[in-house]
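Below is one structure; the comments refer to it alone.
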Amino acid sequence: MRRIIWFRRDLRTEDNPLLALEGEVLPIFIFDTNILNNLAKDDRRVCYIFKRILWLKKALKKKGLDLKLFYGDPSEIFTYLAKMGFDEVAASGDYDSYARQRDLEISHILPFNRLHDTYIFSPDEILKDDQTPYLLFTPFYKKALTLFENKHLREYPSIQQKLYETDYEGILHYTQTEKKICAIDISSIGFQAVSLAIPNPKEKLSDLGKKLNHYAKERDIPSLESTSSLSVELRFGVLSIRQLLRFLAEEKKQGKETEAFFRQLVFRDFYAYLLYHFPHVEIHNYKYSFHGIQNRKKYKAFTQAKTGVPIIDAGIRELLQTGRMHNRIRMVCASFFTKDLLLPWQWGERFFARYLLDYDAASNILSWQWSAGTGVDPQPYFRIFNPYLQSKKFDPQARYIKKWLPELNTLDAKIIHDEKAMHQHKIIAYPHPIIDHKLAAKEALEYFKASLLRT
Ligand code: FAD
């Protein structure tokens with residue numbers, strides 16, 4: 001068997017099903033122009049991927065293999081590769097609508113061997129008794145616990161594979177009109193390098209071991225850094241989900257508390273599962289017909305961290321400066337965006353997609369729909385977070401806020417959590433709140449009710 005093994009969301013050599021396939025292989029990575037053409041030239045994720053690709057190429061070379069790099073439209077590239085006599089292309093599953101459409105097109109060019117890798121469960125593994133998908137997390141989770149077994153922890157061996165030799169070294173730009181080989185440099189794909197730390201996933205795992213016992217209690221406190229920060233490694237498959245699960249199983253044996261963390265991993269699965277079964281939620285509300293009100297001025301204030309609401313602006317600064325944002329802060333920001341500002345959730349989703357280093361279509365879309373109250377879950381549309389109560393509860397000393405908004409260092413935390421006081425502060429470098437929360441929440445409820453009556 002001669003096959004192309006296509007690395008996508010699995011940029012690693014350990015525990016990778018692609019490297020457990022027998023026969024002759026051509027390992028490839030495609031810089032997909034359909035995706036790249038829509039990104040800013042200083043996109044952090046592209047830089048992250050590029051660095052990881054260089055690392056993967058080196059690691060594969062140590063195994064006697066290599067990673068061939070392409071730039072272009074995947075269908076055109078596979079049409080070109082198909083002429084070389086491959087029997088199939090193997091790749092792990094990817095569930096957003098673009099990826100599914102792309103893989104479908106490629107399956108018409110070459111037989112497509114879809115491998116299960118990125119998530120704990122395959123999308124059809126957990127179904128209700130009537131064989132339909134779950135819509136609620138708790139029953140999904142309960143069923144997941146009953147189905148979870150040793151096979152979900154299996155480690156794929158890295159076997160001896162024969163490399164299909166090619167005669168070029170570089171990035172092969174391949175389009176219908178042009179075929180050229182460029183140097184392996186990020187500038188060859190039209191992007192620029194940005195300064196970015198690439199932590200070792202194994203170190204992160206051992207760090208997680210120290211956090212597990214406090215995870216349930218502290219995971220909502222953004223100043224504590226008590227979560228794993230493994231979402232980026234999971235997103236790009238630098239760490240396999242099974243490696244992480246095996247690590248948790250070992251920690252559990254040592255008496256560590258692992259359930260709360262495991263639950264979040266199942267959450268990640270659940271969101272991918274929902275996107276797989278209900279692909280239209282990528283753009284459309286699952287329930288309710290409200291769409292938000294387009295308002296460029298409010299959007300600009302939010303995306304420039306100039307709302308005057310400290311917890312929101314701190315979160316957006318963290319996102320813009322690092323590509324990261326703590327989960328609790330994502331929830332508060334998304335609620336503020338869709339409820340207080342009444343903006344369309346799709347705008348917020350796109351904004352997060354532009355900057356999040358761990359951007360994952362399923363987790364991002366479903367979380368935004370959850371916040372907007374339009375998703376599959378029973379989250380009521382009338383639940384509106386009060387950003388000041390949220391910051392008081394989860395950042396009582398305003399440590400997180402002051403880290404990202406140092407201009408507020410002179411203010412007492414009590415003032416920062418007090419909406420009325422924030423309307424009166426005298427700090428020139430920081431705006432007063434652009435809205436009054438109580439009023440905005442009231443208006444949002446009226447808008448939602450009126451939209452419901454219209455349907
Ligand atoms: P930990 O608390 O250490 O959790 C471990 C792992 O579990 C995470 O790495 C992640 O893979 C998964 N996980 C944890 N919480 C969630 C959750 N609520 N939903 C789904 N999976 C979860 N996560 C993304 O990976 N990509 C996104 O694009 C993304 N967008 C989001 C947008 C909004 C509006 C919200 C509210 C949440 C979003 N999340 C997203 C989920 C969550 O915020 C991140 O996974 C988490 O903050 C990553 O930090 P961590 O690795 O330290 O998480």
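The values are calculated or read from the model by the stated rules, or taken from the named source; none is laboratory data. This structure is a prediction, so every number in the text was calculated from the model and none was measured. Cβ sites come from the backbone with ideal geometry, for glycine too, and all protein chains shown count toward neighbours. For the accessible areas, the whole protein counts, side chains as well, though only heavy atoms, and no ligand, DNA or RNA atoms are used. Shrake-Rupley method; radii C 1.70, N 1.55, O 1.52, S 1.80 Å.
Couple of notes before you dig in:
- Loop sites in region 14-123: trypsin sites (Lys or Arg not before Pro), DSSP, at most 16 other Cβ within 10 Å: Lys41, Lys63, Lys83
- For region 184-252 and region 50-87, distance of Cα centres in Å: 26 Å
- Taking θ as phi - 60° and the Karplus parameters 6.51, -1.76 and 1.60, the scalar couplings of region 117-128 work out to 8, 5, 10, 5, 10, 7, x, 9, 7, 10, 10, 5 Hz in sequence order, x denoting glycine and proline.
- Tally of Lys pairs whose C-alpha atoms are under 25 Å apart, taken over region 158-265, 8 or more apart or cross-chain: 19
- Given +1 at the Cβ of Lys and Arg, -1 at the Cβ of Asp and Glu and no other charges, the dipole of region 195-304 around its Cα centre is 320 debye to the nearest 20.
- Given +1 at the Cβ of Lys and Arg, -1 at the Cβ of Asp and Glu and no other charges, the dipole of region 235-289 around its Cα centre is 100 debye to the nearest 20.
- Kirkwood-type radius of region 42-140, with distances r between different C-alpha atoms, in Å: 16.6 Å
- Convex hull of alpha carbon positions in region 117-238: directionally averaged projected area 14.2 nm².
- The number of Lys pairs in region 393-455 with C-alpha atoms less than 24 Å apart, excluding pairs fewer than 8 positions apart on the same chain, is 18.
- The residues of the chain expose on average 46 square angstrom of accessible surface per residue, using a 1.4 Å probe on protein heavy atoms.
- Amide H partners (placed H, <5 Å) of Leu163, local residues excluded: Val25
- 0 to 90° range, to nearest 10: angle between helix 345-355 axis and the chain longest Cα axis: 60 degrees
- Accessible-area composition of region 78-176, carbon plus sulfur, in percent [1.4 Å probe]: 52 percent
- Mean separation of Cα pairs under 8 Å and 6 or more residues apart, divided by the residue count, gives the chain a relative contact order of 16 percent.
- Within the full protein context, the accessible area of Lys403 is estimated at about 120 Å² for a probe radius of 1.4 Å.
- Antiparallel DSSP beta bridges within the chain, as percent of all bridges there, nearest 5: 15 percent
- Inter-part distance where region 263-320 and region 145-170 are each reduced to a Cα centre, Å: 34 Å
- Projecting the Cα atoms of Ser371, Tyr381, His437 onto the charge dipole of the chain, computed from C-beta unit charges around the Cα centre, puts His437 farthest toward the positive end.
- Region 296-393 - percent relative contact order, Cα under 8 Å, separation 6 or more: 25 percent
- Glu233, Glu282, Glu203, ranked by accessible area, largest first (probe 1.4 Å): Glu203, Glu282, Glu233
- Lysine pairs in region 1-75 whose alpha-carbon atoms fall under 18 angstrom of each other, counting only those eight or more residues apart or on distinct chains, come to 6.
- With all protein chains modelled, accessible area of Tyr156 [1.4 Å, Å²]: 40 Å²
- Computed magnitude of the charge dipole of the chain (debye, nearest 20; Cβ of K, R +1, Cβ of D, E -1): 1260 debye
- Most to least accessible of Glu14, Glu251 (protein chains only, probe 1.4 Å): Glu14, Glu251
- Summing +1 for each Lys or Arg and -1 for each Asp or Glu among the other residues whose beta-carbon sits under 15 angstrom from that of Gln254 gives +2.
- Under a 5 Å amide H cut-off, with hydrogens placed 1.01 Å from N, Ile171 pairs with Cys182, Ala183, Ile184 among residues at least 5 apart or on other chains.
- Along the axis of the charge dipole computed for region 300-448 (Cβ charges of +1 for Lys and Arg, -1 for Asp and Glu, origin at the Cα centre), the listed residues Ala301, Leu411, Tyr400 are led at the positive end by Leu411.
- Rounded to 10°, Cα long-axis angle of helix 97-107 versus longest principal axis of the chain: 10 degrees
- Here the Karplus relation 6.51 cos²θ - 1.76 cosθ + 1.60, evaluated at θ = phi - 60°, turns the backbone of region 441-450 into coupling constants of 5, 5, 5, 4, 4, 4, 4, 5, 4, 4 Hz, with x for every Gly and Pro.
- Top positive-direction residue, dipole computed over region 88-160 with Cβ charges, set Leu104, Pro139, Ala91: Pro139
- Global geometry of region 378-455, whether rounded, prolate or oblate, following the gyration tensor of its Cα atoms and the 1.5 cut on a/c: prolate
- Using C-alpha pairs under 8 Å with a sequence gap of at least 6, the mean separation divided by the residue count of region 83-231 gives a relative contact order of 11 percent.
- Global geometry of region 246-380, whether rounded, prolate or oblate, following the gyration tensor of its Cα atoms and the 1.5 cut on a/c: oblate
- Region 339-372 and region 397-450 have their alpha-carbon centroids 21 Å apart.
- Solvent exposure ordering (accessible area, 1.4 Å, most first) of Lys210, Lys402, Lys204, Lys179: Lys210, Lys179, Lys402, Lys204
- Probe 1.4 Å - accessible area at Trp345, Å² to nearest ten: 10 Å²
- Phi-based couplings in Hz for region 61-67 (Karplus 6.51, -1.76, 1.60; Gly and Pro marked x): 4, 4, 8, x, 10, 6, 10
- Anisotropy class of the chain from Cα gyration tensor, a/c 1.5 cut: prolate
- Less than 5 angstrom separates the built amide H of Phe31 from those of Phe70, Tyr71, Gly72, all sequence-distant by 5 or more or on a different chain.
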